[in-house]
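Trainee: This structure is in structure tokens; I'll ask about it shortly.
The values are calculated or read from the model by the stated rules, or taken from the named source; none is laboratory data. Fair warning: this is a prediction, and the values are worked out from it, not measured in the lab. When we count neighbours, we look across all protein chains shown, and the Cβ atoms used for this are built from the backbone with ideal geometry, even at glycine.
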């Protein structure tokens with residue numbers, strides 16, 4: 001019997017986001033008996049390439065932009081036909097839309113991820129029109145599954161959920177805060193409006209205006225780069241928030257997390273949000289917006305705090321509570337780590353992937 005060949009189509013090989021778990025996801029499919037190769041519609045920063053190459057995924061990256069859709073469709077058709085793909089598996093909006101066009105033209109079944117809680121209106125309309133072309137839709141979290149059924153009108157019989165994360169036992173555990181050292185807060189993410197770092201700055205400024213003085217010095221660092229770098233630094237300066245640093249992109253996110261005492265995820269929108277779940281696995285209590293999967297993973301007074309997205313007052317209140325008692329954070333962090341290993345074990349991740357693949361290739 002010929003081995004199935006899955007063309008795993010992604011928007012780009014940019015570091016972070018949906019590209020980050022590709023080696024783990026595709027390994028489950030390979031272990032189930034499929035050959036898998038990655039096809040990226042454009043490069044962007046290319047930071048996701050090394051782990052894909054190390055995993056043996058032989059990524060094929062198109063030399064093109066983000067708006068030349070007809071050229072991208074022609075490239076995709078040529079590449080997957082030349083490789084002899086038997087299935088298309090798509091991730092993110094552009095790859096999914098093109099995959100749902102190209103796959104049926106080549107007579108290939110299409111499986112499509114859904115990651116995002118937010119879709120641009122045009123993408124939403126187009127994906128709703130095309131959704132019937134996918135043999136199966138796979139949501140990366142329960143929250144996204146509910147939105148996929150509602151927004152794209154995907155019938156429950158063609159919708160599965162596969163959490164896109166497993167808690168790695170090798171994840172370093174953040175060291176507990178000790179008296180005499182500053183309390184270190186941080187976040188991993190693109191400097192983009194959706195991540196809500198402007199809301200964080202405003203919440204810190206609100207605490208300052210209210211006269212709140214934490215019992216120990218506080219340092220805040222954001223590891224990431226992006227379009228908002230200058231705007232965020234200007235906002236912090238204007239607000240008098242002097243303990244706020246943009247640390248730039250880090251090639252060692254685990255090391256960055258291990259050096260924190262409290263994690264921050266003030267996003268306006270998220271799907272699963274791998275970064276926050278990695279922080280919880282690193283034994284970091286987390287202050288996050290109640291978006292995407294985060295309210296399912298963060299229980300206030302247990303392993304973190306939640307605030308409505310964009311709500312400066314609520315975020316300031318959560319920060320006030322967390323910063324007022326630094327000694328209580330470590331115990332919450334240990335609970336967070338235990339919760340992650342309980343909910344997102346590697347065994348569950350692999351079993352879920354095998355079950356989904358068996359639906360596609362009995």
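Trainee: Quick one: is residue 188 buried (at least 18 other Cβ atoms within 10 Å of the Cβ) and over 30 Å from residue 131 (Cα atoms)?
Mentor: Judged against the criteria, residue 188 is a match.
Trainee: Further question on the same structure: Any chance the stretch 77-97 includes a residue that's out of contact with any strand residue (DSSP E or B) (no Cβ under 8 Å at 6 or more places or on another chain), part of a helix (DSSP H, G or I), buried (at least 20 other Cβ atoms within 10 Å of the Cβ) and free of Cβ contacts under 8 Å to residues at least 60 places away in the same chain?
Mentor: yes
Trainee: Could you list, in sequence order, all residues of the stretch 236-253 that are crowded, with 16+ Cβ neighbours inside 10 Å and out of contact with any strand residue (DSSP E or B) (no Cβ under 9 Å at 6 or more places or on another chain)?
Mentor: Hit for the stretch 236-253 is 239, nothing else.
Trainee: Within the stretch 1-26, which residues are surrounded by fewer than 22 Cβ atoms within 10 Å (Cβ to Cβ), more than 24 Å from residue 345 (Cα to Cα) and touching a helix residue (DSSP H, G or I) at 6+ places or on another chain (Cβ under 8 Å)?
Mentor: Once the filter is applied, which keeps residues that are surrounded by fewer than 22 Cβ atoms within 10 Å (Cβ to Cβ), more than 24 Å from residue 345 (Cα to Cα) and touching a helix residue (DSSP H, G or I) at 6+ places or on another chain (Cβ under 8 Å), the stretch 1-26 yields only 5.
Trainee: Residues that are in contact (Cβ under 8 Å) with a residue 12 or more places away in the chain, outside the structural domain of residue 19 (by TED's automatic domain parsing), in contact with a strand residue (DSSP E or B) (Cβ under 6 Å, 6 or more places away or on another chain) and more than 17 Å from residue 310 (Cβ to Cβ): does the stretch 196-215 have at least one?
Mentor: There is no residue in the stretch 196-215 that is in contact (Cβ under 8 Å) with a residue 12 or more places away in the chain, outside the structural domain of residue 19 (by TED's automatic domain parsing), in contact with a strand residue (DSSP E or B) (Cβ under 6 Å, 6 or more places away or on another chain) and more than 17 Å from residue 310 (Cβ to Cβ).
Trainee: Can you confirm whether the stretch 168-183 contains a residue that is farther than 18 Å from residue 359 by Cα, crowded, with 20+ Cβ neighbours inside 10 Å, in contact with a helix residue (DSSP H, G or I) (Cβ under 7 Å, 6 or more places away or on another chain) and modelled with pLDDT under 95?
Mentor: Scanning the stretch 168-183, I find no residue that is farther than 18 Å from residue 359 by Cα, crowded, with 20+ Cβ neighbours inside 10 Å, in contact with a helix residue (DSSP H, G or I) (Cβ under 7 Å, 6 or more places away or on another chain) and modelled with pLDDT under 95, so the answer is no.
Trainee: Tell me which of these residue 15 doesn't satisfy, since it passes every other one: (1) without any contact (Cβ under 8 Å) to a residue 12 or more places away in the chain; (2) in a loop (DSSP other than H, G, I, E, B).
Mentor: Exception for residue 15: condition (1).
Trainee: I'd like to check something: does the stretch 334-341 contain any residue that is outside any helix (DSSP H, G or I), buried (at least 20 other Cβ atoms within 10 Å of the Cβ) and touching a helix residue (DSSP H, G or I) at 6+ places or on another chain (Cβ under 7 Å)?
Mentor: No - not one qualifying residue is present in the stretch 334-341.
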